[in-house]
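Comments concern the structure below.
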Amino acid sequence: MSDVILADPMPELFAELSQGRFDVRPLESATDADCAAAVAIVAYSHPVVDGPLLDRCSKVKIVSNHGVGVDHIDVAAARQRSVLVGNTPGCLDAATADMTLALMLSVARNIVIGDRFARSSEFTHYDPSILIGQEVTGSTLGIVGMGRIGVEVARRARAFHMKILYHNRNRRPDIEDSFGVQFASLNDLLGESDFVTLNCPLTEQTHGLIGPAEFQQMKRSGILINMARGPVVQTDALYEALTTNQIAAAGLDVTDPEPLPRDHPLLQLGNVIIAPHLGSASNVTRRRMMQITVDNMIAALDGSPLPHEVRPAG
Ligand code: 8YV
């Protein structure tokens with residue numbers, strides 16, 4: 001009999017890359033029998049994997065996360081139960097940075113609203129006075145979170161001749177010279193940037209990082225891009241900032257909650273673009289992510305070191 005894996009993300013790709021070796025049961029609706037039989041959990045960024053779930057899964061050796069962010073996994077609880085945790089760093093940096101730029105450009109240059117207008121019956125003649133956006137080239141970009149993805153965003157922003165500020169837990173002298181970026185306090189970054197992009201992980205320190213005081217600090221013409229996790233931004237404060245001209249617009253790849261309730265007022269605003277968490281969603285990247293997810297899982301089941309192991313913070 002093949003080993004039982006509790007998994008939800010991309011079942012066909014998982015089966016292909018794991019060569020159909022495993023008997024896969026859904027994680028989100030796992031029964032006690034599924035849990036008791038499982039040797040691994042393949043998680044992704046939503047369903048919570050915590051101590052009580054792991055207690056139901058006494059044979060599980062690894063939680064292999066399809067993605068880099070592990071804020072939904074209680075890594076310390078896994079460690080206490082001798083369960084390994086794996087993730088997929090590195091392979092999704094380019095795709096997520098591409099999406100960061102895509103959202104910046106789309107918000108700044110009215111791509112979504114322009115698309116709706118161009119398809120509508122109202123578009124009867126070319127008018128050079130409509131939908132005039134903000135110039136991206138030569139403007140100032142503030143990157144919050146200068147990890148691997150932040151670095152890739154900076155690399156792309158340089159091609160747009162942007163002045164680049166960054167804020168990070170630790171200063172990164174290694175990249176300040178090579179990428180021409182300048183370290184700034186969060187307040188200075190917010191006050192000076194035309195675009196603020198969030199590319200940090202969700203941690204205790206970044207939970208609710210952008211709230212009323214931070215929106216007050218931003219330029220009125222400022223554009224916020226959230227590529228991190230929804231809870232890094234306080235949703236009510238974001239709505240307030242967008243409706244009282246504290247900031248000009250926002251591009252959100254993630255929201256809190258995700259998805260927003262279908263009647264949430266944020267969904268009615270014309271100055272926000274929302275993507276359904278597409279940061280790493282390119283064909284090449286999703287395949288690489290799944291390959292690493294499978295490699296981590298098989299390594300743990302074979303008792304070998306994980307290609308990418310997550311250890312508890314601290
Ligand atoms: C994925 C992500 O969308 O890597 C992450 O942390 O948020 C994304 O790349 C997610 O993990 C879905 O599997």
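The values are calculated or read from the model by the stated rules, or taken from the named source; none is laboratory data. The shown structure was predicted, so the numbers you read here are calculated from the model rather than taken from an experiment. FYI the Cβ positions are ideal-geometry reconstructions off the backbone, even for glycines, and counts take in every protein chain you see.
Figures for the structure shown
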read-out: Residue match in the stretch 289-302 (condition: hydroxyl-bearing (S, T, Y) and not assigned by TED's automatic domain parsing to the domain that holds L131); value: yes
read-out: Considering residues of the stretch 49-59 that are touching a residue at least 24 places away in the same chain (Cβ under 8 Å) and assigned to a loop (DSSP other than H, G, I, E, B) only, the residue nearest to the ligand (Cβ to nearest atom); value: D50
read-out: Subset tally (residues that are surrounded by fewer than 21 Cβ atoms within 10 Å (Cβ to Cβ), within 17 Å of L190 (Cβ to Cβ) and touching a residue at least 24 places away in the same chain (Cβ under 8 Å)) for the stretch 227-247; value: 5
read-out: Answer residue from the stretch 252-295, given it is more than 16 Å from the ligand (Cβ to nearest atom) and within 20 Å of the chain's Cα centre (by Cα) and is nearest to L84 (Cα to Cα) among those; value: L260
read-out: Strands (runs of 3 or more DSSP E) fully within the stretch 1-48 counting 3 or more residues that are buried (at least 21 other Cβ atoms within 10 Å of the Cβ); value: 4-7, 38-43
read-out: Condition check for V196: in contact (Cβ under 8 Å) with a residue 40 or more places away in the chain, in a helix (DSSP H, G or I) and within 27 Å of G69 (Cβ to Cβ); value: no
read-out: Test: residue in the stretch 86-104 that is at positive phi and crowded, with 20+ Cβ neighbours inside 10 Å; value: no
read-out: Hits in the stretch 55-72 (condition: crowded, with 19+ Cβ neighbours inside 10 Å and either over 17 Å from L92 (Cβ atoms) or of a type in the set (F, W, Y) (or both)); value: C57, V60, K61, I62, V63
read-out: So Q80, is it surrounded by fewer than 17 Cβ atoms within 10 Å (Cβ to Cβ), at pLDDT 95 or above, over 30 Å from G314 (Cβ atoms) and more than 16 Å from the ligand (Cβ to nearest atom); value: no
read-out: Scan of the stretch 244-284 for residues that are β-branched (V, I, T), within 16 Å of T197 (Cα to Cα) and in a loop (DSSP other than H, G, I, E, B), ordered by number; value: I247, V254, T255
